[in-house]
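What follows is a short report on a single structure.
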Amino acid sequence: MSEDEETYHIVTTEEEVRREAVGKIVECSILKDRIAEMESDIANLRYLIQLLDETTPSKDADGRVDIRPVYKTLRARIMEIMCQQMDLEQRMDALQNDIENTEGMANVKVIVKKL
């Protein structure tokens, strides 16, 4: 180490590191559950669309009720849920990276140049 550098120790107890990691692990678990719920919601909405396709009579000259807005709403909801799911997956990936980076950080050295 040169004369113009000092070493500072940031002391973090193993217990603090463990607590932080456990909190992130719990949050990841919650996110995984929410993502699974969203996948179920998407499957249910797709099933509704399939049922509509199978049970809707063909167009007739009597002016049957137009259900296209229902399809549009269901498809929009699927897209909304899929976007939320992607956001949660990104958050979960970030948390998992944090957990990996947090392991073993009980004693960190920081080198700072003197001014």
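Just wondering, is there one or more residues in the stretch 43-57 that are part of a helix (DSSP H, G or I), surrounded by 13 or more Cβ atoms within 10 Å (Cβ to Cβ) and modelled with pLDDT under 80? Scanning the stretch 43-57, I find at least one residue that is part of a helix (DSSP H, G or I), surrounded by 13 or more Cβ atoms within 10 Å (Cβ to Cβ) and modelled with pLDDT under 80, so the answer is yes.
Yes/no matrix, rows are residues, columns are (1) of a type in the set (S, T, N, Q); (2) exposed (fewer than 14 other Cβ atoms within 10 Å of the Cβ); (3) modelled with pLDDT under 90:
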residue: Asp60; (1), (2), (3): no, yes, yes
residue: Val65; (1), (2), (3): no, yes, yes
residue: Leu74; (1), (2), (3): no, no, yes
residue: Met79; (1), (2), (3): no, yes, no
residue: Gln96; (1), (2), (3): yes, no, yes
residue: Thr102; (1), (2), (3): yes, no, yes
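Of all residues in the stretch 20-42, those that are closer than 17 Å to Ile81 by Cβ have Cβ atoms under 6 Å from Cβ atoms of residues that are of a type outside the set (A, V, I, L, M, F, W, C) and buried (at least 16 other Cβ atoms within 10 Å of the Cβ), 6 or more apart or on another chain, in Ile35/Gln85; Met38/Gln85. Being over 30 Å from Ile25 (Cβ atoms) and free of Cβ contacts under 8 Å to residues at least 24 places away in the same chain is the filter here; which residues of the stretch 71-98 pass it? Tyr71, Lys72, Thr73, Ala76, Met79 - these are the residues of the stretch 71-98 that are over 30 Å from Ile25 (Cβ atoms) and free of Cβ contacts under 8 Å to residues at least 24 places away in the same chain.
Within the stretch 2-14, is even one residue modelled with pLDDT under 80, more than 30 Å from Ala76 (Cα to Cα), in contact with a Ser or Thr (Cβ under 6 Å, 6 or more places away or on another chain) and surrounded by 11 or more Cβ atoms within 10 Å (Cβ to Cβ)? Even if it seems obvious, please write down each step before you answer.
So the first thing to find is which residues in the stretch 2-14 are modelled with pLDDT under 80, and the list is 2-14.
Still in the running and more than 30 Å from Ala76 (Cα to Cα): 2-14.
Imposing the further condition that a residue be in contact with a Ser or Thr (Cβ under 6 Å, 6 or more places away or on another chain) reduces the set to none.
Looking for residues that are modelled with pLDDT under 80, more than 30 Å from Ala76 (Cα to Cα), in contact with a Ser or Thr (Cβ under 6 Å, 6 or more places away or on another chain) and surrounded by 11 or more Cβ atoms within 10 Å (Cβ to Cβ), one finds none in the stretch 2-14, hence no.
If you check Ala106 against the conditions, is it surrounded by 12 or more Cβ atoms within 10 Å (Cβ to Cβ), at pLDDT 70 or above and small (Gly, Ala, Ser)? So Ala106 does not fit the description; no.
The values are calculated or read from the model by the stated rules, or taken from the named source; none is laboratory data. Every value quoted in this text rests on a predicted model; they were computed, and no experiment measured them. Backbone-built Cβ (ideal geometry, glycine too); neighbour counts: all protein chains shown.
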